[in-house]
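Asker: Next up is a structure, given as structure tokens.
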Amino acid sequence: MAFTTRKSLLSKIKQGDEISWEEFYASYRPLIMLRAGDLGLKQTEKEDLVQIVMAEFFKGSRDFQYDRSRGRFRDYLKTIINNQAVSILRKRKNLEVGLDDREFILANGLEQAWDDEWQGHLMNMAMDELKNCVEPVTYQAFYLYAMQGQKSGEVAEFLNMSVNSIYVAKNRCLEQLKKIIADVSESD
């Protein structure tokens with residue numbers, strides 16, 4: 001799946017592009033599942049939350065206008081997820097949430113967890129895009145050496161490359177990854 005900025009993806013969704021909907025679902029389902037786990041939802045509730053959030057987003061997508069001056073997309077998505085998750089929690093017979101949604105989230109220390117998950121989500125998307133931007137062996141050298149911390153000599157031997165080529169692959173990939181992340185960060 002090729003990475004597109006959320007602004008362009010949102011524009012395509014607004015136009016009714018089914019492929020963009022599938023990409024949105026595939027990209028954001030794992031993030032919603034992580035958040036659901038943070039909020040203490042059970043597995044079936046997590047799946048329900050994904051469907052509810054996607055339906056809520058779909059319902060509003062025709063009228064949705066991405067305007068960076070009004071806030072970040074991640075905050076908009078987080079609000080939908082949080083509101084729907086708290087609604088699920090409130091429906092549990094044995095749990096009454098006496099706080100409003102925001103107080104509930106803050107009281108459970110979940111703001112930092114969202115920020116961490118969002119950063120991980122962006123990094124995963126950036127790594128997927130990097131994989132599509134460089135030769136497979138270059139990506140593999142970068143991943144093994146820079147991401148997994150294997151020794152350059154071991155990676156070079158495994159990939160039948162010179163140690164210098166491993167360093168070059170790492171530098172090229174880091175440069176490309178910085179560009180991808182900068183592009184992503186502009187629209188989050």
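The values are calculated or read from the model by the stated rules, or taken from the named source; none is laboratory data. Keep in mind it's a predicted model, so treat the numbers as computed, not measured. Note that we place each Cβ from the backbone using ideal geometry, even for glycine, and neighbour counts take in every protein chain shown.
Asker: Restricting attention to region 119-142, which residues are surrounded by 14 or more Cβ atoms within 10 Å (Cβ to Cβ), over 30 Å from Arg35 (Cα atoms) and either aliphatic (A, V, I, L, M) or touching a strand residue (DSSP E or B) at 6+ places or on another chain (Cβ under 9 Å) (or both)?
Answerer: Within region 119-142, Val134, Ala141 qualify.
Asker: State which residue is modelled with the highest pLDDT when the search covers only region 92-119 and only residues that are part of a helix (DSSP H, G or I) and more than 24 Å from Tyr28 (Cα to Cα).
Answerer: The first filter runs over region 92-119 and keeps only residues part of a helix (DSSP H, G or I), leaving 101-107, 111-119.
From what's left, more than 24 Å from Tyr28 (Cα to Cα): 103, 107.
On the way: Glu103: 59, Ala107: 53.
Checked region 92-119; the qualifying residue modelled with the highest pLDDT is Glu103.
Asker: Ok, one more. Looking at this structure, is Glu175 modelled with pLDDT under 95, in contact with a helix residue (DSSP H, G or I) (Cβ under 8 Å, 6 or more places away or on another chain) and of a type in the set (D, E, K, R)?
Answerer: Details: modelled with pLDDT under 95: yes; in contact with a helix residue (DSSP H, G or I) (Cβ under 8 Å, 6 or more places away or on another chain): no; of a type in the set (D, E, K, R): yes.
Considered against the rule, which asks whether it is modelled with pLDDT under 95, in contact with a helix residue (DSSP H, G or I) (Cβ under 8 Å, 6 or more places away or on another chain) and of a type in the set (D, E, K, R), Glu175 comes out as no.
Asker: Within region 143-156, is even one residue surrounded by fewer than 14 Cβ atoms within 10 Å (Cβ to Cβ), basic (Lys, Arg) and more than 23 Å from the chain's Cα centre (by Cα)? Steps first, answer last, please.
Answerer: Here is the first cut: in region 143-156, the ones surrounded by fewer than 14 Cβ atoms within 10 Å (Cβ to Cβ) are 147-149, 151, 153-154.
Filter once more, so that each one left must be basic (Lys, Arg): 151.
Filter once more, so that each one left must be more than 23 Å from the chain's Cα centre (by Cα): 151.
Yes, region 143-156 contains at least one residue that is surrounded by fewer than 14 Cβ atoms within 10 Å (Cβ to Cβ), basic (Lys, Arg) and more than 23 Å from the chain's Cα centre (by Cα).
Asker: Only one of these is at pLDDT 80 or above and either out of contact with any His (no Cβ under 9 Å at 6 or more places or on another chain) or in a helix (DSSP H, G or I) (or both): Met1, Met54. Name it.
Answerer: Sole residue among the options that is at pLDDT 80 or above and either out of contact with any His (no Cβ under 9 Å at 6 or more places or on another chain) or in a helix (DSSP H, G or I) (or both): Met54.
Asker: Sticking with this structure for a sec: Return yes when Ser61 is surrounded by 13 or more Cβ atoms within 10 Å (Cβ to Cβ), touching a helix residue (DSSP H, G or I) at 6+ places or on another chain (Cβ under 7 Å) and modelled with pLDDT under 70 and no when it is not. Give the derivation first.
Answerer: Details: surrounded by 13 or more Cβ atoms within 10 Å (Cβ to Cβ): yes; touching a helix residue (DSSP H, G or I) at 6+ places or on another chain (Cβ under 7 Å): yes; modelled with pLDDT under 70: yes.
When the stated conditions are applied, Ser61 passes them.
Asker: Just to be sure, is Ala156 modelled with pLDDT of 90 or more and farther than 25 Å from Phe24 by Cα? I'd like the intermediate steps shown before the answer.
Answerer: Working: modelled with pLDDT of 90 or more: yes; farther than 25 Å from Phe24 by Cα: yes.
Answer is yes for this residue.
Asker: Here's a follow-up. So in region 36-47, with the set limited to residues that are under 12 Å from Ile88 (Cβ atoms) and assigned to a helix (DSSP H, G or I), which one is modelled with the lowest pLDDT? Outline the logic, then answer.
Answerer: Keep residues of region 36-47 that are under 12 Å from Ile88 (Cβ atoms), which gives 36, 39-42, 44-47.
Checking the rest, the ones that are also assigned to a helix (DSSP H, G or I) come to 36, 44-47.
Working: Ala36: 88, Thr44: 91, Glu45: 92, Lys46: 93, Glu47: 93.
The extreme case among them is Ala36.
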